[in-house]
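Visitor: Dumping the structure here so I can ask a few things about it.
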């Protein structure tokens, strides 16, 4: 099996693990970890994250690894605009809905912009 086929298979399996995060109205199947605030307009892996609040959902990874000042989302926000994500993390360009970052099959997180009226019931 060549590298292209292996990469394609890994991407497909990563996409399958995020079906629960689709934008078809069903949304994530687990409660969000909380709200992360992006204080200035940022870019991660070519994706724009305007200043604002973002709801974080995880799959196969602890909220503590993603949230907070030392969490993965904060680390990704500190990357320079053209920097690559740290290996083995990838941004799923083909995923539908909110931006999704994956480490491998069944492990990753979703970042969804929210507005003040939608954050009242989230820790």
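Any read-out appearing in this document is the output of simple, stated calculations on the displayed coordinates, not a laboratory observation. Here the structure is a predicted model, which is why all the values come from computation and not from measurement. As a convention, Cβ positions derive from the backbone with ideal geometry for all residues, glycine included, and neighbour counts pool all protein chains shown.
Visitor: All but one of (1) closer than 19 Å to residue 38 by Cα; (2) not in a loop (DSSP other than H, G, I, E, B) hold for residue 102; which doesn't?
Guide: That leaves (1) as the condition not met.
Visitor: Out of curiosity, is residue 92 in contact with a strand residue (DSSP E or B) (Cβ under 7 Å, 6 or more places away or on another chain) and crowded, with 16+ Cβ neighbours inside 10 Å?
Guide: When the stated conditions are applied, residue 92 passes them.
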